[in-house]
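J.: Below you will find the structure I want to go over with you.
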Protein chains: 2
Amino acid sequence: MSPEQPAEPAGKSLFSLQRRERLMEELRAHGAITVRGIAAKLGVSELTIRRDVNILADEGLVSRVHGGATLPSKLDRSTAAGRPPHHSYSIGMVVPSLDYYWPQVISGARAEAEDQNLRILVRGSAYDAADNRRQVQALLDTQNIDGLIVAPDMTGDQGQELLRWLNALPIPVVLAERRSPIEIPAHRLEWVATDHAFGAGMAVRHLWQEGHRRIGCLTDSSSPTSPHVVRGWHQALAALKIPLEGSVHEDSAKPENGGRATHFDHVLALCRKTGTTAMLVHSDTQAVAFVQHCVDKGLRVPGDIAIVGYDDEVAYLAEPAISAVRPPKQYVGKVAVQLMAARLAEGRMRPVHRIELNPELILRESSAGAPQAPAAGMLQVPQ
Amino acid sequence: MSPEQPAEPAGKSLFSLQRRERLMEELRAHGAITVRGIAAKLGVSELTIRRDVNILADEGLVSRVHGGATLPSKLDRSTAAGRPPHHSYSIGMVVPSLDYYWPQVISGARAEAEDQNLRILVRGSAYDAADNRRQVQALLDTQNIDGLIVAPDMTGDQGQELLRWLNALPIPVVLAERRSPIEIPAHRLEWVATDHAFGAGMAVRHLWQEGHRRIGCLTDSSSPTSPHVVRGWHQALAALKIPLEGSVHEDSAKPENGGRATHFDHVLALCRKTGTTAMLVHSDTQAVAFVQHCVDKGLRVPGDIAIVGYDDEVAYLAEPAISAVRPPKQYVGKVAVQLMAARLAEGRMRPVHRIELNPELILRESSAGAPQAPAAGMLQVPQ
DNA sequence: TCTAGATCATTCACACTCGAACATTTGAGG
DNA sequence: CCTCAAATGTTCGAGTGTGAATGATCTAGA
């Protein structure tokens with residue numbers, strides 16, 4: 001391998017097909033890309049990106065423009081405009097982040113919208129109810145929205161009020177990765193969400209099967225996902241008869257924890273004290289940092305401590321690569337659009353659908369094998 | 001590297017099938033593999049890996065790229081040629097009754113199957129796990145079933161064992177009006193079910209809004225639906241701050257209750273004692289009989305006692321016509337077939353879907369209007 | 001409208017990968 | 001023990017993907 005790579009953020013080089021896949025993802029997430037930007041992001045030359053764009057344009061998957069590419073447009077006369085676009089409906093989509101997690105959801109939604117011949121308008125928002133509402137209102141005011149897909153902040157009174165407001169909107173609303181709580185009879189709201197509790201349980205069971213008997217949990221309470229992960233962790237511990245007290249459960253978002261390194265040291269100390277040999281770490285960004293910290297401290301992963309991340313955004317980049325629970329992000333977007341399309345087509349007679357999707361557990365190195373065999377005889381070192 | 005590391009053909013070299021399995025594992029873990037890397041890891045020559053990749057690519061399990069392989073991609077047009085065989089599938093369907101409730105589910109399933117160009121084979125079964133299994137086995141043996149939609153009995157050890165067996169079947173399985181419990185990690189089972197708890201809650205809230213402050217529940221514990229109805233009733237009482245003790249909750253399936261008339265008299269006596277003016281009656285067959293009984297006893301419905309039935313099979317036949325919660329039976333069948341069709345078309349990559357549908361509340365005469373001025377001494381009747 | 005700067009297409013070179021033919025090993029059955 | 005067939009390894013010429021250089025073309029801004 002040629003190690004004279006220019007500062008490559010992606011760590012490992014991609015195959016051409018993956019590169020084009022990434023390119024399409026970026027395109028669907030942002031609506032347009034620049035050759036320069038993508039080249040830098042993927043760590044290849046601009047020429048390569050141009051070639052990719054040409055290939056994709058030949059298949060009609062993108063429209064070429066000077067300096068980059070956009071989603072296929074009917075204004076692009078180079079393509080064989082064989083289909084009547086006739087956008088029957090327009091859907092607004094408001095998501096809390098355009099950097100993490102959500103680009104893939106958007107990508108799945110865009111792909112499905114294209115199949116269903118729908119127009120989709122995406123807006124990013126802050127992680128708070130007031131801004132959620134502002135963004136939705138903006139879509140309602142300026143565009144002609146027939147339906148809304150949204151992942152609102154649901155915390156506090158503001159969140160509840162927002163839900164009520166959404167429920168009362170005159171257009172159908174689908175929540176993505178959110179559930180309407182039973183306390184609020186938001187009976188018109190449909191949703192599609194990943195069953196994060198199931199995902200966490202799957203991770204715990206996997207670690208149990210690998211031989212771990214003390215399995216901790218490191219979460220980030222600032223994320224809406226976290227409560228579900230913790231719930232799944234609890235349920236799995238109960239099912240496996242692991243006592244809750246004595247199990248490490250730390251929150252990396254608590255302000256009093258000081259610096260991250262300090263907190264990680266604290267967590268490791270707790271692990272040592274309780275005999276914990278495996279950790280489920282929510283947000284695999286955290287997991288990557290945690291593994292790095294462990295390695296720096298001379299701990300072997302997975303020998304001394306096994307790690308499973310949650311989200312699978314960057315888990316594969318770590319060294320060693322981190323096993324992670326992967327929510328079906330593309331499908332969340334896809335199913336949300338399917339729900340919306342069916343609702344728009346069938347109207348009120350269709351019953352309210354609420355859909356949970358199961359995540360997948362991706363096994364990599366960070367959780368392989370039993371917890372450290374203390375005095376394991378040196379096995380043969382063949383070859 | 002820890003012991004157990006399969007960096008070499010340690011112990012036993014793998015058979016080709018196992019090797020391809022490993023290859024797919026690595027692929028799932030990292031999204032892509034290099035021929036070189038995988039060859040080194042498995043201790044075989046690169047050519048062997050290339051041959052494996054070709055085999056897997058022919059089956060559409062991977063996409064070939066220069067230097068390795070990736071997960072199947074739509075951008076890979078080598079595979080898209082004649083892949084979708086559109087060979088029509090056959091679906092088996094086993095339901096616990098061909099008289100009550102299920103005919104409409106079957107009707108919805110049949111309609112959707114026709115749209116999707118699927119063949120569907122329906123079998124009735126008894127309400128017990130052993131017969132469920134017999135019927136499913138018969139379908140598997142005699143017909144050529146590509147998928148199974150089933151509403152099994154899930155009670156007791158036999159029910160759990162049945163679920164495990166279904167989960168292990170080599171064909172996709174969709175449960176209808178059943179949920180796989182979290183205790184059993186039946187992770188492959190998908191389902192579509194009515195949210196009966198929501199339906200019961202809707203009924204309670206409706207009665208509350210009509211002015212009732214004591215709302216009882218008459219259930220039939222022999223039905224799998226009943227626990228959910230009771231749960232919804234409980235949750236709604238809690239939300240409305242109606243104390244649970246003092247609320248009438250009777251089970252018409254309990255054997256010691258003697259004849260139906262006797263039991264109904266008992267229930268009415270309880271209502272009188274507790275000041276209950278409204279009842280949610282599960283299975284509207286029961287509701288019809290109960291209304292008849294009330295009328296016979298000279299009680300006015302809804303004047304003296306308001307009734308809401310559950311299921312809406314025959315509720316409209318009573319005199320007066322009974323308000324009832326109507327589960328979206330047609331849609332349960334329809335969505336089950338949709339799930340199955342999508343699963344058969346998309347294969348393993350599709351995440352497991354679990355869908356809840358909301359029922360509808362059909363308002364008729366038996367629950368209209370406020371409770372009448374007390375004939376006997378009653379508790380406070382505000383508003 | 002014109003100019004400066006950016007973007008694009010073409011060519012060439014290089015390294016790596018692929019596939020075919022042939023050689024070798026492995027395992028099952030006679 | 002032998003034979004055959006399937007699986008695997010080796011070699012080598014052809015093919016493929018990538019990047020640098022260069023000149024043509026395009027866009028933005030005055």
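J.: Determine the pairs where a residue that is within 16 Å of A:R28 (Cα to Cα), located within the range A:48-68, has a partner that is more than 11 Å from DNA strand C (Cβ to nearest atom) and basic (K, R) with Cβ atoms under 7 Å apart, the partner being 6 or more residues away or on another chain.
T.: Between residues of the range A:48-68 that are within 16 Å of A:R28 (Cα to Cα) and residues that are more than 11 Å from DNA strand C (Cβ to nearest atom) and basic (K, R), the close pairs are A:D52/A:R19; A:D52/A:R20; A:L56/A:R20.
J.: A follow-up question, please. With the structure loaded, tell me whether B:H263 is surrounded by 14 or more Cβ atoms within 10 Å (Cβ to Cβ) and modelled with pLDDT of 90 or more or whether it fails that test.
T.: For B:H263, the condition - surrounded by 14 or more Cβ atoms within 10 Å (Cβ to Cβ) and modelled with pLDDT of 90 or more - is not met.
J.: Identify, by number, the condition in (1) surrounded by fewer than 20 Cβ atoms within 10 Å (Cβ to Cβ); (2) at pLDDT below 90 that A:S180 doesn't meet.
T.: (1)
J.: Does the range B:315-333 hold any residues that are farther than 20 Å from B:H206 by Cβ and out of contact with any strand residue (DSSP E or B) (no Cβ under 9 Å at 6 or more places or on another chain), and which are they?
T.: Listed by number, the residues that qualify are B:L317, B:E319, B:Q330.
J.: A further question on this structure: Taking the conditions exactly as written (within 14 Å of chain B (Cβ to nearest Cβ) and at positive phi), does A:G211 satisfy them or not?
T.: Against the criterion (within 14 Å of chain B (Cβ to nearest Cβ) and at positive phi), A:G211 qualifies.
J.: In the range B:40-66, what residues are within 10 Å of DNA strand D (Cβ to nearest atom), part of a helix (DSSP H, G or I) and more than 14 Å from every other protein chain (Cβ to nearest Cβ)?
T.: B:E46, B:L47, B:T48, B:I49, B:R50, B:R51, B:D52, B:I55
J.: Something else: Condition test on A:D195, is it farther than 21 Å from B:A197 by Cβ, of a type in the set (D, E, K, R) and open to solvent by less than 50 Å² (accessible area, probe 1.4 Å)?
T.: Here the answer is no, as A:D195 does not meet what is asked.
J.: Here is a list: B:A324, B:A287. Which entry is open to solvent by less than 20 Å² (accessible area, probe 1.4 Å), in contact with a Phe, Trp or Tyr (Cβ under 8 Å, 6 or more places away or on another chain) and in a helix (DSSP H, G or I)?
T.: After ruling out the rest, the residue left standing is B:A287.
J.: Which one is modelled with the lowest pLDDT among residues in the range B:290-309 that are small (G, A, S) and surrounded by fewer than 24 Cβ atoms within 10 Å (Cβ to Cβ)?
T.: Here the residue is B:G303.
J.: State whether one or more residues within the range A:229-240 are in a helix (DSSP H, G or I), more than 14 Å from every other protein chain (Cβ to nearest Cβ) and under 18 Å from the mean Cα position of the chain (by Cα).
T.: Checked against the condition, which is being in a helix (DSSP H, G or I), more than 14 Å from every other protein chain (Cβ to nearest Cβ) and under 18 Å from the mean Cα position of the chain (by Cα), the range A:229-240 yields at least one hit.
J.: Do you know which residues across the range A:70-86 are within 16 Å of DNA strand D (Cβ to nearest atom) and modelled with pLDDT of 85 or more?
T.: Once the filter is applied, which keeps residues that are within 16 Å of DNA strand D (Cβ to nearest atom) and modelled with pLDDT of 85 or more, the range A:70-86 yields only A:T70.
J.: I'm checking my understanding of the structure. Among residues of the range A:15-41 that are under 22 Å from the mean Cα position of the chain (by Cα) and open to solvent by 60 Å² or more (accessible area, probe 1.4 Å), which one is nearest to A:D52 (Cα to Cα)?
T.: A:R22
J.: Take the range B:28-39 and flag every residue that is part of a helix (DSSP H, G or I) and either within 12 Å of DNA strand C (Cβ to nearest atom) or more than 11 Å from chain A (Cβ to nearest Cβ) (or both).
T.: Passing the criteria: B:V35, B:R36, B:G37, B:I38, B:A39.
J.: Which one of these does A:Y89 not meet: (1) at pLDDT 80 or above; (2) within 13 Å of DNA strand D (Cβ to nearest atom)?
T.: Status for A:Y89: all satisfied but (2).
J.: For B:D76, which of the numbered conditions (1) within 14 Å of chain A (Cβ to nearest Cβ); (2) away from DNA strand C (no atom under 16 Å from the Cβ); (3) under 21 Å from B:A345 (Cβ atoms) fails to hold?
T.: If we test B:D76 against (1) within 14 Å of chain A (Cβ to nearest Cβ); (2) away from DNA strand C (no atom under 16 Å from the Cβ); (3) under 21 Å from B:A345 (Cβ atoms), just (2) comes out false.
J.: Is there any pair linking a residue in the range B:137-149 that is in contact (Cβ under 8 Å) with a residue 40 or more places away in the chain to one that is small (G, A, S) and surrounded by fewer than 18 Cβ atoms within 10 Å (Cβ to Cβ), with Cβ under 6 Å and at least six apart or on different chains, and which?
T.: B:N144/B:S90; B:I145/B:S90; B:D146/B:S90
J.: Select from the range B:310-321 the residues that are open to solvent by less than 40 Å² (accessible area, probe 1.4 Å), over 15 Å from B:G199 (Cβ atoms) and among the aliphatic types (A, V, I, L, M) and write down the one among them that is nearest to the other protein chains (Cβ to nearest Cβ).
T.: Here the answer is B:A321.
J.: Looking only at residues that are open to solvent by 30 Å² or more (accessible area, probe 1.4 Å) and within 12 Å of DNA strand C (Cβ to nearest atom) in the range B:49-69, which one is modelled with the lowest pLDDT?
T.: B:D58
J.: Something else now. Could you list, ordered by first residue, the pairs with Cβ atoms under 6 Å in which the first is in the range A:17-32 and assigned by TED's automatic domain parsing to the domain that holds A:I49 and the second is open to solvent by 50 Å² or more (accessible area, probe 1.4 Å), at least 6 apart or interchain?
T.: Matching pairs, first to second residue: none at all.
J.: Tell me which of these A:E250 doesn't satisfy, since it passes every other one: (1) within 21 Å of A:R326 (Cβ to Cβ); (2) in a strand (DSSP E or B).
T.: (1)
J.: Would a scan of the range B:141-155 turn up a residue that is more than 15 Å from B:A186 (Cβ to Cβ), among the small types (G, A, S) and surrounded by fewer than 20 Cβ atoms within 10 Å (Cβ to Cβ)?
T.: no
J.: Suppose we keep only residues that are more than 27 Å from B:A238 (Cβ to Cβ) and either assigned to a loop (DSSP other than H, G, I, E, B) or not hydroxyl-bearing (S, T, Y) (or both) within the range A:178-199. Which one would you say is nearest to the other protein chains (Cβ to nearest Cβ)?
T.: A:V192
J.: Among the residues of the range A:356-381 satisfying the criterion of being at pLDDT below 75 and open to solvent by 80 Å² or more (accessible area, probe 1.4 Å), which is nearest to the other protein chains (Cβ to nearest Cβ)?
T.: Looking at residues that are at pLDDT below 75 and open to solvent by 80 Å² or more (accessible area, probe 1.4 Å), I get A:L379.
The values are calculated or read from the model by the stated rules, or taken from the named source; none is laboratory data. If you're wondering where the values come from, they're calculated on a predicted model, not measured in any experiment. Backbone-built Cβ (ideal geometry, glycine too); neighbour counts: all protein chains shown. The protein model used for the area step is the full one, side chains on, heavy atoms only, and it has no ligands, DNA or RNA in it. Shrake-Rupley method; radii C 1.70, N 1.55, O 1.52, S 1.80 Å.
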